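See below for the structure under consideration.
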Amino acid sequence: MPPFEIKEVHISELKELLQFARDCFVDTYASQNTAENMSLYLKEEFSEEKILELLNEPNVKFFFALNGGEIIGYLQINWGKAQSENLDSSVEIARIYVRKDFQGRKTGSLLLKQALQFGKELGAKWLWLGVWEKNTKAMDFYQKNGFQIFDQHIFKLGSDEQLDWMMRIKIEQDRDEIS
Ligand SMILES: CC(C)(COP(=O)(O)OP(=O)(O)OC[C@H]1O[C@@H](n2cnc3c(N)ncnc32)[C@H](O)[C@@H]1OP(=O)(O)O)[C@@H](O)C(=O)NCCC(=O)NCCS
């Protein structure tokens, strides 16, 4: 089977990105959140206008993971003022999602490598992200790939203020951190 491919999302792929991102968000969080909060968040953060705005934002990039041309995962990277916390010399993984039936098959690791490579190209020192305290699988994935908790912040899902751990990994220009 050909290896999974990573490619930057083009603005003409707005609808595909929006649908895939919404589906992954629902798959991941609907069972642990109220329907009201889920629909509030989806309306605010996953509208065509909102995603178009992000695709046009100079300090934001999206990448797809593809299997034979089919979308199986995506990554959103923010830097500079586009970060949710304005951290110096840092790049934020704002979103990283793999379709359920492709989880556990190294797609997430490939997307992490892409984020790291991009951080290196920007000359950044840190790659960081926020992860919900209840998302233990994802925390396991990040810890396995060398990320460590360095702070915490609040993530608002609808009206629910949730605790997110902030995790980061140092970007070594001469070393490949992700196996
Ligand atoms: C977290 C996530 C991006 C990891 O990507 P992935 O392609 O499943 O992970 P990989 O195959 O590259 O790495 C596998 C490791 O991830 C961890 N992992 C996390 N979630 C997993 C899952 N659902 N299935 C299998 N492994 C998972 C395991 O630690 C696994 O290590 P192991 O193979 O030694 O057991 C992906 O599972 C996912 O999209 N989860 C749902 C959405 C989510 O939580 N996103 C992060 C929000 S902060």
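The values are calculated or read from the model by the stated rules, or taken from the named source; none is laboratory data. Treat the numbers as computed from the prediction; the structure is a model and nothing was measured. All Cβ positions, even for glycine, are placed from backbone atoms using ideal geometry, and neighbour counts span all protein chains on display. With ligands, DNA and RNA removed, areas are computed over all heavy atoms of the protein, side chains included. Shrake-Rupley method; radii C 1.70, N 1.55, O 1.52, S 1.80 Å.
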Please return the longest range in the chain lying between exposed loop sites, taking GluC sites (Glu not before Pro), DSSP loop only, at most 13 other beta-carbon atoms within 10 Å, and leaving the sites out. 1-84
Against the 2.2 N^0.38 Å scaling, with N counting residues, where does the chain land? I'd like the Cα-based Rg ratio to two decimal places. 0.98
Please report, as a whole percent, how much of the solvent-accessible surface of region 14-69 comes from carbon and sulfur atoms (probe radius 1.4 Å). 50
Return, ordered by residue number, the residues of region 64-90 whose backbone nitrogen is under 18 Å from a label point located 7 Å along Cα→Cβ of residue 100. 71-74
As straight-line cross-link partners of residue 43, the qualifying lysines (C-alpha separation under 22 Å, not fewer than 8 residues apart within one chain) are 15, 61, 156
In terms of Cα to Cα distance under 17 Å, which aspartates and glutamates are near enough to residue 134, apart from those fewer than 8 places away along the same chain? 27, 151, 160, 161, 164
Please report the antiparallel percentage of DSSP beta bridges with both residues in the chain, rounded to the nearest 5. 90
With a probe of 1.4 Å, find how much accessible area the chain has per residue, and write the answer as a whole number in Å². 53
Two-decimal log10 I(q)/I(0) for region 1-77, as the Debye equation yields it once each C-alpha is a single scatterer, q = 0.12, 0.18, 0.20, 0.23 Å⁻¹: -0.37, -0.77, -0.91, -1.08
Using θ = phi - 60° and the Karplus relation 6.51 cos²θ - 1.76 cosθ + 1.60, list the HN-Hα couplings for region 58-73 in order, rounded to whole Hz, with x at every Gly or Pro. x, 9, 9, 9, 10, 10, 9, 9, 10, 10, x, x, 8, 6, 10, x
Members of 81/144; 50/81; 81/137 lying beyond 24 Å, as alpha-carbon distances in this model show: 81/144; 81/137
The relative contact order of region 84-157, taking Cα pairs under 8 Å that sit 6 or more residues apart, comes to a percentage of 34
Solvent-accessible surface ranking, highest first, for 81, 61, 134 at 1.4 angstrom: 81, 134, 61
Give me the distance between the Cα centres of region 129-167 and region 1-40, rounded to whole Å. 18
Do the sum for the chain: with -39,500 (n - 2.57) for every DSSP H run of n ≥ 4, divided by all residues, what is the mean residue ellipticity at 222 nm, to the nearest 500 deg cm²/dmol? -10500 deg cm²/dmol
